[in-house]
Amino acid sequence: MNARRLAFGLFTLAMVAVLIGLGLWQLQRRSDKHALIAALDERLAVAPAALPPVSAWGALTAAKDEFRRVTFTATYAPMPDAMVYSSGSGVRDDISGPGAWAFLPARLASGEIVAVNAGFVQNTMQDRAQQDRAASRLVTGQPVTLSGYIRFPESPGTFTPSPDAAKRLWFARDVPAMARVLGWGSVAPFYIDLETPVPASGIPKPGPLHVHLKDDHLQYAITWFGLAAVVVIAFGFWLRAQRRG
């Protein structure tokens, strides 16, 4: 009987240690999330700076450069655009409902191509003709000053639908794949979420970003700590019953 109590006690101790560890991990994640939110809010509040030179592109990272506001002059290239389906936006307060983001290649004066997310096109996942009309208005052959936010491509996940090459429709912001399939050539390792200018038609619809990161870590930590307390209490009741028996 003593061996049984010891074994169950050690098992309970291990469970409590794991649960407390998970709670502490959530508290650490909460601290990291708050630091990230503060950093992103600071970047979003700073006035746009010049786009980093090509020589510095290789050193840009999502951790320190995501959402940096930049401005530059480029010419939208007469190449096929890409659309990225979206059911809404977590960083645009003015976007809701399904639609697609219009991605176009823009050529710098030095010749490099930067992909630009020119904005949102509402409810047009299946309407390629409307998407083409919206994108074609931007391709004037004239340089234009663009302001926006540095973003980094995302790789499709396990359950991300495959792109529809015929409709030039993607389901992830996989800019390297877009460039490869659509013949954009070598592109910058980032893309730009456009803030301005806004087309006269309003389509595509660019705009300012407002990052809203989900922060449920304190709730999760309390849950894990609560489970640890429940396990301890349950073990106490079991041990008491064993001693009475």
All positions within the stretch 29-42 that are closer than 12 Å to Asp216 by Cα and more than 17 Å from the chain's Cα centre (by Cα): Arg29, Arg30, Ser31
Failed item in (1) in a strand (DSSP E or B); (2) surrounded by 14 or more Cβ atoms within 10 Å (Cβ to Cβ), with Ile37 passing the rest: (1)
Tally, over the stretch 211-231, of residues that are closer than 15 Å to Asp32 by Cα and crowded, with 17+ Cβ neighbours inside 10 Å: 2
Residue satisfying all of: in the stretch 209-233; in contact (Cβ under 8 Å) with a residue 40 or more places away in the chain and part of a loop (DSSP other than H, G, I, E, B); nearest to Tyr149 (Cα to Cα) among these: Leu209
Subset tally (residues that are in contact with a strand residue (DSSP E or B) (Cβ under 7 Å, 6 or more places away or on another chain), surrounded by 13 or more Cβ atoms within 10 Å (Cβ to Cβ) and not in a loop (DSSP other than H, G, I, E, B)) for the stretch 145-165: 6
Residue check for Arg168: surrounded by 13 or more Cβ atoms within 10 Å (Cβ to Cβ) and on the phi > 0 side of the Ramachandran plot: yes
Pair list, Cβ < 8 Å and 6+ apart or interchain, from the stretch 83-110 residues that are free of Cβ contacts under 8 Å to residues at least 12 places away in the same chain to residues that are surrounded by 12 or more Cβ atoms within 10 Å (Cβ to Cβ): Ser87/Pro98; Gly88/Ile95; Gly88/Ser96; Gly88/Pro98; Ser96/Ser89
Count of the stretch 173-198 residues which are closer than 17 Å to Pro80 by Cα and surrounded by fewer than 19 Cβ atoms within 10 Å (Cβ to Cβ): 8
Residue count, the stretch 86-102 (criterion: surrounded by 17 or more Cβ atoms within 10 Å (Cβ to Cβ) and within 16 Å of the chain's Cα centre (by Cα)): 7
Conditions (1) surrounded by fewer than 17 Cβ atoms within 10 Å (Cβ to Cβ); (2) in contact with an Asp or Glu (Cβ under 9 Å, 6 or more places away or on another chain); (3) modelled with pLDDT under 95; number of the one not met by Trp57: (3)
Ala172 vs. criteria of a type in the set (A, V, I, L, M, F, W, C) and modelled with pLDDT under 95: yes
Pairs where the first residue, in the stretch 1-29, is assigned to a helix (DSSP H, G or I) and the second is surrounded by 12 or more Cβ atoms within 10 Å (Cβ to Cβ) and hydroxyl-bearing (Ser, Thr, Tyr), C-beta under 6 Å, 6+ apart: Gln26/Tyr220
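The values are calculated or read from the model by the stated rules, or taken from the named source; none is laboratory data. Computed from a prediction, not measured in an experiment: that's the story for all the values here. Using ideal geometry, Cβ is built from the backbone for each residue, glycine included, and neighbour counts are taken over all protein chains shown.
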